[in-house]
Amino acid sequence: MSSSKNAVQNGLRWIAVIPGAVVASFLVIFPTSTPTATPTATAPGSFAAVILATKPANLKGYWKCDETSGTTLADSSGNSKNLTITGAINTNYWLGESGEQGTCFRTDGVAGYASRNEAVIPSLDNTNFTLFALFKGGTDFGVVKALAISNSSKDNDRAHIGQNKPTSQAIAQARGNSTVMASGISGGTAFDGNWHSIAFRRNGTAFELFVDGTRVASTTATLATGSTCNRTTLMHPLLNETTGYAKGSIQHAAIWNTSLSDSEIAAIQTARNPSATPAKSDFNGDDKADILWQNTSTGQRVIWLMNGTTLTSAVNLGFVATSWSIAGSSDFNGDGKPDIVWQNTISGQRLIWIMNGTTIAYAVNLPPEPTYWSIAGTGDFNGDGKSDILWQNNSTGQRVIWLMNGTTLQSSVNLGTVPTSWSIRNY
């Protein structure tokens, strides 16, 4: 893919040219005024604490999957809906392995799974619900119904989430006492060998699928009444058909008998704040830092993808006017992938490229500032799991931190004034 970004009046136009495909472009218009930020304070708890605090009266089952031995996955919802593990330990299933949020439950794709001879939601009749879990697996994960409530003697009367096999997409489906809905809804990237969250929400006749907190698919359906469910399962569904076994890992599976709101789903996603945080400059997700280059003469920008200290390949980001410089890279939208912060040394304009690996997804404008202010770096200064922006005034020596909520300025903190002979470098 070749690409370029050209200056236009009051903004920038990003143009992407893909050989054999269409030419796509979008215009980024810069704001002319600086918004007033309202200070906010957040104190995130542990991931499990956020799950437990979300609609606790409606949380019907919650399995952290953090056991290190035995044949039981304990229910942490307080409803005593423990699951019994089937298979041979260290052959069909594994406990105590490192996951994203503590330890996880892994199965072999042959015989390992966990189940209960009872559905935590006994009927889908006029019942809203939300299913949620963290999964890790590749395209050989192999199971559509990896977290499910079902009827062991029917193919209907079920709700579930899993893999849209054999793709990397997630899938979700619900049926009442009929074949409506006939097929599931799918989307997002959830089975690429990394940890991802999948959530499936019903609100009346509206059904929505979320991957990593982002809505990726939706549909409407009227489920037939008269449904009865009698099984709750992880990694292998129990119903009246031949079904597969999942090859992969699961943790923090939860089922509510209510529809969680957008903000509640987003809060759970924010709370993930993975324990294995990617490097600020890890653009290909291999947990190794990469190098972001800029040519101050030509405007060319390049990413070196590194294997430790060895260059493996280079990705050309195209040519950008030399008045624009890269000020930092950090994850601003919470997808675990670094984004790129830009500043224009002539106009004072600032923006963030939201990246999907080494590909630009879209751009977000930041409030413009005078050119004597420069961005010195990025990092999470207040511990909320979101990247903030560090500024320095090259004329007065004043230093300031912008505390960000994603790509939105929430408040600023004055670090005081330091002589201009001192400057922040390579933060």
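The values are calculated or read from the model by the stated rules, or taken from the named source; none is laboratory data. Nothing here was measured: the structure is a model prediction, and the numbers come from that model. Heads up, the Cβs are rebuilt from the backbone with ideal geometry, glycines too, and the neighbour counts pull from every protein chain shown. Quick note on the areas: whole protein, heavy atoms, side chains included, nothing else; ligands and nucleic acids left out. Shrake-Rupley method; radii C 1.70, N 1.55, O 1.52, S 1.80 Å.
Quickly run through the stretch 96-132 and pick out the residues that are open to solvent by less than 20 Å² (accessible area, probe 1.4 Å) and in a strand (DSSP E or B). Of everything in the stretch 96-132, those that are open to solvent by less than 20 Å² (accessible area, probe 1.4 Å) and in a strand (DSSP E or B) turn out to be 104, 105, 107, 114, 115, 129, 130, 131, 132. Note on the stretch 196-228: residues that are assigned to a strand (DSSP E or B) and surrounded by 15 or more Cβ atoms within 10 Å (Cβ to Cβ) total 17. Filter the stretch 138-195 for residues that are part of a loop (DSSP other than H, G, I, E, B), open to solvent by less than 10 Å² (accessible area, probe 1.4 Å), more than 20 Å from residue 125 (Cα to Cα) and not β-branched (Val, Ile, Thr) and give the result. Matches in the stretch 138-195: 141, 146, 190, 191. Could you tell me whether residue 304 is open to solvent by 30 Å² or more (accessible area, probe 1.4 Å), outside any loop (DSSP other than H, G, I, E, B) and over 29 Å from residue 418 (Cα atoms)? So residue 304 fits the description; yes. Checking every residue in the stretch 135-158 against the condition of being in contact with an Asp or Glu (Cβ under 6 Å, 6 or more places away or on another chain) and farther than 20 Å from residue 259 by Cβ gives at least one match.
Restricting the stretch 229-247 to residues that are surrounded by 24 or more Cβ atoms within 10 Å (Cβ to Cβ) and part of a strand (DSSP E or B), the residue that is farthest from the chain's Cα centre (by Cα) is 232. Restricting attention to the stretch 368-401, the residues that are farther than 20 Å from residue 422 by Cβ and assigned to a strand (DSSP E or B) add up to 1.
When you look at residue 318, is it of a type outside the set (Lys, Arg) and farther than 29 Å from residue 269 by Cα, yes or no? Yes; evaluated as a whole, the condition is true for this residue. Restricted to the stretch 53-71, and to residues there that are among the hydroxyl-bearing types (Ser, Thr, Tyr) and surrounded by 14 or more Cβ atoms within 10 Å (Cβ to Cβ), the residue that is nearest to residue 136 (Cα to Cα) is 62. Of all the residues in the stretch 345-392, those that are within 25 Å of residue 285 (Cβ to Cβ) and among the hydroxyl-bearing types (Ser, Thr, Tyr) number 5. Evaluate the following for residue 321: is it touching a residue at least 12 places away in the same chain (Cβ under 8 Å), touching a strand residue (DSSP E or B) at 6+ places or on another chain (Cβ under 8 Å) and open to solvent by less than 40 Å² (accessible area, probe 1.4 Å)? Answer is no for this residue. Exactly one residue among 344, 365 is touching a residue at least 60 places away in the same chain (Cβ under 8 Å), within 30 Å of residue 417 (Cβ to Cβ) and in contact with a Leu (Cβ under 9 Å, 6 or more places away or on another chain), and that residue is 365. In the set 260, 292, only one residue is out of contact with any Pro (no Cβ under 7 Å at 6 or more places or on another chain), in a strand (DSSP E or B) and not β-branched (Val, Ile, Thr); that residue is 292. Can you say whether residue 173 is on the phi < 0 side of the Ramachandran plot, in contact with a His (Cβ under 7 Å, 6 or more places away or on another chain) and modelled with pLDDT of 95 or more, as far as the supplied structure shows? So residue 173 passes the test.
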